[in-house]
Amino acid sequence: MYTLEDLTNPIVVYTYDAGYNILEKAIINAFHEDMPHACLDDIPYVEYNPDTGEVEVDDKFYEIDRELQDYLNDARKQLHSVPLPQIKLKSIEIQITHPETEDEKGFMKIGAYRPSLN
């Protein structure tokens, strides 16, 4: 079974990824793009908690830095107030530091902003 650590390409949130769980969609898309031979069981369970600033990917926990939290909060606010085709997000790459032991948390942050294709 594949894990988040098996990804070789960065996790990218694209401008068109606006949706209820934007982080989950980006991680699932990364699995589809990076591991075309993965099966449905390899797709990770992703749950982001905006109140704690943590994301759970399968059974591993990651803290999210303030800049990425603000980005995700902005996306969620736009989703509830702006028609879907009008939502404007910058494309970003997410940089991940994986936990070294089961007792530690990993870390996610915005690694780079990608240029807009519009």
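The table below gives the values:
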quantity	calculated
Search result, residues across segment 6-39 that are acidic (Asp, Glu) and open to solvent by 80 Å² or more (accessible area, probe 1.4 Å)	GLU33
Number of positions in segment 44-57 that are within 13 Å of the chain's Cα centre (by Cα) and either under 19 Å from ASN9 (Cβ atoms) or of a type outside the set (Asp, Glu) (or both)	9
The listed residue being surrounded by 12 or more Cβ atoms within 10 Å (Cβ to Cβ) and in contact (Cβ under 8 Å) with a residue 60 or more places away in the chain, out of LYS109, LYS90	LYS90
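Residue-wise test of (1) polar (S, T, N, Q); (2) modelled with pLDDT of 90 or more; (3) within 14 Å of MET108 (Cβ to Cβ).
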{"position": "GLU24", "(1), (2), (3)": "no, no, yes"}
{"position": "ASN29", "(1), (2), (3)": "yes, no, no"}
{"position": "HIS37", "(1), (2), (3)": "no, no, no"}
{"position": "ASP41", "(1), (2), (3)": "no, no, no"}
{"position": "GLU47", "(1), (2), (3)": "no, yes, yes"}
{"position": "THR52", "(1), (2), (3)": "yes, yes, yes"}
{"position": "VAL55", "(1), (2), (3)": "no, yes, yes"}
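For (1) surrounded by 12 or more Cβ atoms within 10 Å (Cβ to Cβ); (2) among the polar types (S, T, N, Q); (3) in contact (Cβ under 8 Å) with a residue 12 or more places away in the chain, each residue gets a yes or a no:
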{"site": "LEU4", "(1), (2), (3)": "yes, no, yes"}
{"site": "ASP41", "(1), (2), (3)": "no, no, yes"}
{"site": "PRO50", "(1), (2), (3)": "yes, no, yes"}
{"site": "TYR62", "(1), (2), (3)": "yes, no, yes"}
{"site": "GLN95", "(1), (2), (3)": "yes, yes, yes"}
{"site": "GLU100", "(1), (2), (3)": "no, no, no"}
{"site": "GLU104", "(1), (2), (3)": "yes, no, no"}
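The values are calculated or read from the model by the stated rules, or taken from the named source; none is laboratory data. Nothing here was measured: the structure is a model prediction, and the numbers come from that model. Here Cβ is always computed from backbone atoms with ideal geometry, including for glycine, and neighbour counts include all displayed protein chains. Calculation scope for accessible area: heavy atoms of the full protein, side chains included, ligands and nucleic acids excluded. Shrake-Rupley method; radii C 1.70, N 1.55, O 1.52, S 1.80 Å.
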